[in-house]
Amino acid sequence: MMTKLNDLFNAFLRIAASSQKLGINLIRVAILIIFVWIGGLKFWNYEAEGIVPFVANSPFMSFFYNKPAPEYKEYKLKEGEFNESKHKWHEENNTYGFSHGLGILIMSIGILTFLGIFFPKIGLIGASLAIIMTIGTLSFLVTTPEVWVPNLGSGEYGFPLLSGAGRLVIKDTAIIAGALVVLSDSAKRILQMH
């Protein structure tokens with residue numbers, strides 16, 4: 001009985017050990033799905049309005065907007081809400097124009113990373129860009145006040161209590177790890193070709 005269990009366990013280990021290539025390609029597919037979906041959402045007003053606190057507070061991106069932080073706080077909209085005067089403010093701020101450009105960039109990175117399955121040099125570029133982008137996203141944990149639960153009287157606020165916005169950002173730690181694995185795989189395949 002023990003020998004049979006040991007044989008089954010060893011068979012499982014052999015299958016698991018041989019699945020690395022599949023796992024790496026599934027990371028590429030996951031990055032494609034996440035980046036194309038999230039990038040595509042950047043063409044919807046609610047998503048463009050939702051990223052304003054991140055962009056407005058970022059020392060690396062705030063120049064894309066026409067209005068200074070924290071003026072945006074007066075013009076925040078709930079997801080799906082429409083208010084003519086707030087919408088006009090977002091048009092003047094370049095909220096929608098920046099979001100559309102960002103969406104194209106994000107979708108392109110996802111596609112380039114995915115294409116690494118077939119073309120390692122293209123995948124290397126995509127994975128490098130994915131790493132750079134996720135470092136930028138993770139910087140929001142330092143630059144955006146809205147990533148932490150605010151002090152509204154409960155006594156539960158600030159670090160390490162992530163708000164909804166903070167929970168959205170922290171997931172990029174997994175994306176950067178996956179992008180690094182894909183980068184390594186692409187580099188190894190390029191070296192093998194030479």
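Among the listed residues Gly103, Gly50, Gly136, identify the single one that is under 28 Å from Gly158 (Cβ atoms), small (Gly, Ala, Ser) and in contact (Cβ under 8 Å) with a residue 60 or more places away in the chain. Explain how you work it out, then say what you get.
Numbers: Gly103 fails: under 28 Å from Gly158 (Cβ atoms); Gly50 fails: in contact (Cβ under 8 Å) with a residue 60 or more places away in the chain.
The conditions single out Gly136.
Of everything listed in (1) at pLDDT 95 or above; (2) touching a Phe, Trp or Tyr at 6+ places or on another chain (Cβ under 6 Å), the single unmet condition for Glu91 is (2).
Those residues that are part of a helix (DSSP H, G or I) and without any contact (Cβ under 8 Å) to a residue 40 or more places away in the chain, I need them from the stretch 170-194; list them, please. Ile170, Asp172, Thr173, Ala174, Ala177, Ser184, Lys188, Leu191, Gln192, listed by residue number.
Screening Leu138 on (1) surrounded by 21 or more Cβ atoms within 10 Å (Cβ to Cβ); (2) in contact with an Asp or Glu (Cβ under 8 Å, 6 or more places away or on another chain) shows it passes everything except condition (1). If a residue must be assigned to a helix (DSSP H, G or I) and either without any contact (Cβ under 8 Å) to a residue 12 or more places away in the chain or in contact with a strand residue (DSSP E or B) (Cβ under 6 Å, 6 or more places away or on another chain) (or both), how many such residues does the stretch 109-132 contain? Number of matching residues: 3.
Kindly provide the set of residues from the stretch 122-135 that are more than 20 Å from Leu41 (Cβ to Cβ) and surrounded by 15 or more Cβ atoms within 10 Å (Cβ to Cβ), ordered by number. Don't jump to the end; show me each part of the working.
Step one: filter the stretch 122-135 for residues more than 20 Å from Leu41 (Cβ to Cβ), giving 122-125, 127-128, 131-132, 135.
Correct list: Ile122, Gly123, Leu124, Ile125, Ala127, Ser128, Ile131.
Checked across the stretch 172-183, the condition of being surrounded by 15 or more Cβ atoms within 10 Å (Cβ to Cβ), in contact with a Phe, Trp or Tyr (Cβ under 7 Å, 6 or more places away or on another chain) and within 22 Å of Phe35 (Cα to Cα) holds for no residue. The number of residues in the stretch 1-41 being free of Cβ contacts under 8 Å to residues at least 60 places away in the same chain, polar (S, T, N, Q) and in a helix (DSSP H, G or I) comes to 4.
Check whether at least one residue in the stretch 50-64 is part of a helix (DSSP H, G or I), more than 15 Å from the chain's Cα centre (by Cα) and aliphatic (A, V, I, L, M), and report yes or no.
Pass one, the stretch 50-64, residues part of a helix (DSSP H, G or I): 50, 52-57, 62-64.
Right, trim to more than 15 Å from the chain's Cα centre (by Cα) and you get 52-53, 56-57, 62-64.
Retained after the next criterion (residues that are aliphatic (A, V, I, L, M)): 52, 56.
Yes, there is a match, as at least one residue in the stretch 50-64 is part of a helix (DSSP H, G or I), more than 15 Å from the chain's Cα centre (by Cα) and aliphatic (A, V, I, L, M).
Tell me yes or no: at least one residue of the stretch 51-70 is buried (at least 19 other Cβ atoms within 10 Å of the Cβ) and more than 24 Å from Ala174 (Cα to Cα). Checking the stretch 51-70: at least one residue is buried (at least 19 other Cβ atoms within 10 Å of the Cβ) and more than 24 Å from Ala174 (Cα to Cα). Would the stretch 156-166 turn up any residue that is at pLDDT 95 or above, surrounded by fewer than 18 Cβ atoms within 10 Å (Cβ to Cβ), closer than 18 Å to Val55 by Cβ and over 16 Å from the mean Cα position of the chain (by Cα)? Checked the stretch 156-166: at least one residue is at pLDDT 95 or above, surrounded by fewer than 18 Cβ atoms within 10 Å (Cβ to Cβ), closer than 18 Å to Val55 by Cβ and over 16 Å from the mean Cα position of the chain (by Cα). Only one of the numbered conditions (1) under 30 Å from Asn25 (Cβ atoms); (2) among the polar types (S, T, N, Q); (3) in a loop (DSSP other than H, G, I, E, B) is not met by Thr137, and that is (3). A residue that is without any contact (Cβ under 8 Å) to a residue 24 or more places away in the chain and in a loop (DSSP other than H, G, I, E, B) cannot be found anywhere in the stretch 84-94. Inspection of the stretch 105-116 identifies no residue that is over 20 Å from Gly40 (Cβ atoms), modelled with pLDDT of 95 or more and either surrounded by fewer than 19 Cβ atoms within 10 Å (Cβ to Cβ) or of a type in the set (Ser, Thr, Tyr) (or both).
The values are calculated or read from the model by the stated rules, or taken from the named source; none is laboratory data. These numbers were taken from a predicted model, which means no experiment stands behind them. Here the Cβ is made from the backbone with ideal geometry for all residues, glycine too, and neighbour counts use every protein chain on show.
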